[in-house]
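FYI, it's all coordinate maths here, none of it is from the lab. Computed from a predicted structure; not experimentally measured. Cβ sites come from the backbone with ideal geometry, for glycine too, and all protein chains shown count toward neighbours.
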Amino acid sequence: MAESATPERPDGRFIEISQSRPAKGEAGRTGDWRSRRPVLDAGTCPAAKQGRETCQICWVYCPDATIARGVPPVIDLEYCKGCGICAEVCPTGAIAMTPEAEHGVCDFKVRSE
Ligand code: SF4
Ligand code: SF4
């Protein structure tokens with residue numbers, strides 16, 4: 001969610017800036033149409049291995065703010081759209097994009113006309 005703010009400077013003038021704040025899935029609930037699912041390997045992620053909030057690059061880059069900071073970061077699959085950016089930016093390859101159908105919860109509906 002983007003919004004503008006007008007902080008006051010010491011000289012009394014105002015500067016217009018924009019702010020982005022995490023919101024639950026800009027694309028709405030996407031879990032039922034996502035075709036690829038990110039799977040995070042805690043054994044490879046340094047945050048999990050070290051037991052502290054290191055890295056968190058996936059959290060920074062997820063365009064839908066569906067990753068929560070953590071040890072390891074947690075992906076909210078109800079809102080993840082499967083874009084794969086988290087896997088692309090992960091420096092250790094700890095996130096793999098997998099076919100959604102492999103997880104047995106794919107619920108594609110066939111349209112009958
Ligand atoms: S695939 Fe990764 S970057 Fe894309 S929406 Fe899901 S968690 Fe976020
Ligand atoms: S980007 Fe990769 S290594 Fe960094 S916290 Fe996320 S999953 Fe772990």
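Gain on full extension, evaluated as 0.36 nm per residue between residue 98 and residue 76 minus their Cα-Cα distance, stands at 6.4 nm. Normalised by the number of residues in the range 25-101, the mean separation of alpha-carbon contacts (under 8 Å, six or more apart) gives a relative contact order of 44 percent.
Principal axis extents of the C-alpha atoms in the range 25-101 (largest first, rounded to whole Å): 34, 22, 16. Rounded to 0.05, the FRET efficiency of the residue 29 and residue 89 pair, given R0 = 22 Å and the Cβ-Cβ distance, is 0.40.
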